[in-house]
Amino acid sequence: MYKKRGLLIVLSGPSGVGKGTVRKELFSQPNTNYEYSVSMTTRSPREGEVDGVDYFFKSREEFEALIEQDKLLEYAEYVGNYYGTPLDYVEATLEAGRDVFLEIEVVGAAQVRKIVPEGLFIFLAPPSLSALEARLIGRGTENSEVIKSRVDKAREELEMMNLYDYVVENDEVQNACDRINAIVTAEHCRRERVEKRYIQMLEGDL
Ligand SMILES: Nc1ncnc2c1ncn2[C@@H]1O[C@H](COP(=O)(O)OP(=O)(O)OP(=O)(O)O)[C@@H](O)[C@H]1O
Ligand SMILES: Nc1nc2c(ncn2[C@@H]2O[C@H](COP(=O)(O)O)[C@@H](O)[C@H]2O)c(=O)[nH]1
């Protein structure tokens, strides 16, 4: 019997483009049907960040044990810290037929593309590199050295946008959310049509 799995939605893009802001806005909307996968990281919590809500904060030893035990769907070392997606949570949620939303950097997104090619990959792009730098400075969570390394990295990350299914410009947060919701809705419609045909074929109607 055919069982419908959830859709894996991957939102990626350079640091400071607004992935977290857009994701929080998407999840604050009442009719959101996505489940957010909370990542693991070795980064220290920022002010106000809560363990298990923003991230699962781990020591390097704990994180490396998770890698050893194949507990991560993907992971990457980003500007001196590990970040990774818990495999069991993602697999169980998709298997239960619910959509999972990942907000991750581009190296991890490329790994997920190889493992889950049927996922939906969305690149969030800034209006310009100077706007990106201004957002990182405005956020005020990193010192100028870290901001410089994140902006340098963003130049490489922007080159990867052609590997994605969609590029969404984050000019205004609400516009970006509307575009992402429209893309996900269209993808569900496409999949429903494909599944319907597949089931008809299995039942010998075609
Ligand atoms: N559309 C927008 N217009 C102006 N400022 C924005 C917009 N979206 C986000 N910002 C601001 O940009 C800063 C960076 O946003 P955010 O932390 O969401 O980025 P991020 O991509 O999640 O970063 P990181 O990858 O480092 O976690 C924040 O101060 C946020 O308020
Ligand atoms: N590859 C992964 N990247 C992740 C994951 N969770 C978050 N991130 C990305 O890391 C950078 C830095 O995050 P910050 O919170 O320190 O600003 C950012 O681009 C995140 O999107 C993950 O599980 N895997």
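The values are calculated or read from the model by the stated rules, or taken from the named source; none is laboratory data. The shown structure was predicted, so the numbers you read here are calculated from the model rather than taken from an experiment. A quick note on method: Cβ atoms are made from the backbone with ideal geometry, for glycine too, and the neighbour counts reach across all protein chains shown.
Regarding residue 200, is this residue modelled with pLDDT under 90 and outside any loop (DSSP other than H, G, I, E, B)?
When the stated conditions are applied, residue 200 passes them.
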| field | Residue within the stretch 155-170 that is under 27 Å from residue 48 (Cα atoms) and surrounded by 11 or more Cβ atoms within 10 Å (Cβ to Cβ) present | value | yes
| task | Please find, among 10, 53, the residue that is surrounded by fewer than 18 Cβ atoms within 10 Å (Cβ to Cβ), in contact (Cβ under 8 Å) with a residue 12 or more places away in the chain and under 20 Å from residue 91 (Cα atoms). | result | 53
| field | Restricting the stretch 123-138 to residues that are within 13 Å of ligand 2 (Cβ to nearest atom) and either outside any strand (DSSP E or B) or modelled with pLDDT under 95 (or both), the residue that is surrounded by the most Cβ atoms within 10 Å (Cβ to Cβ) | value | 132
| request: Could you check residue 48 against (1) more than 10 Å from ligand 2 (Cβ to nearest atom); (2) out of contact with any Lys or Arg (no Cβ under 9 Å at 6 or more places or on another chain); (3) at pLDDT 95 or above; (4) closer than 27 Å to residue 145 by Cα and say which number it fails? | output: (3)
| note | Just one listed residue, out of 151, 146, is under 21 Å from residue 54 (Cβ atoms), among the aliphatic types (A, V, I, L, M) and surrounded by fewer than 19 Cβ atoms within 10 Å (Cβ to Cβ), and it is 146
| request: From the list 122, 183, 199, pick out the single residue that is over 26 Å from residue 25 (Cβ atoms), β-branched (Val, Ile, Thr) and in contact with a Phe, Trp or Tyr (Cβ under 9 Å, 6 or more places away or on another chain). | output: 199
| Are any of the residues in the stretch 111-128 touching a residue at least 24 places away in the same chain (Cβ under 8 Å), more than 22 Å from residue 37 (Cα to Cα) and not charged (D, E, K, R)? | yes
| note | Exactly one of 100, 79, 22 is near ligand 2 (Cβ under 10 Å from one of its atoms) and surrounded by 11 or more Cβ atoms within 10 Å (Cβ to Cβ), and that one is 79
| Scanning for something under 27 Å from residue 32 (Cβ atoms) and either within 16 Å of ligand 1 (Cβ to nearest atom) or without any contact (Cβ under 8 Å) to a residue 12 or more places away in the chain (or both), does the stretch 92-99 turn up at least one residue? | yes
| message | Residues that are among the acidic types (Asp, Glu), at least 2 per element: which helices (runs of 4 or more DSSP H) completely within the stretch 1-95 meet that? | response | 60-68, 87-95
| message | Going through 87, 102 one at a time, which residue ends up being within 18 Å of the chain's Cα centre (by Cα), over 26 Å from residue 175 (Cβ atoms) and either within 16 Å of ligand 1 (Cβ to nearest atom) or modelled with pLDDT of 95 or more (or both)? | response | 87
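Residues are listed down the side, and each one gets a yes or a no for (1) more than 15 Å from ligand 1 (Cβ to nearest atom); (2) out of contact with any Asp or Glu (no Cβ under 9 Å at 6 or more places or on another chain):
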{"site": "152", "(1), (2)": "no, yes"}
{"site": "170", "(1), (2)": "no, yes"}
{"site": "175", "(1), (2)": "no, no"}
{"site": "179", "(1), (2)": "no, no"}
{"site": "185", "(1), (2)": "yes, yes"}
{"site": "189", "(1), (2)": "yes, yes"}
{"site": "196", "(1), (2)": "yes, yes"}
{"site": "200", "(1), (2)": "yes, yes"}
| request: Please work out which residue is surrounded by the most Cβ atoms within 10 Å (Cβ to Cβ), limiting yourself to the stretch 25-45 and to residues that are over 21 Å from residue 94 (Cβ atoms) and near ligand 2 (Cβ under 9 Å from one of its atoms). | output: 41
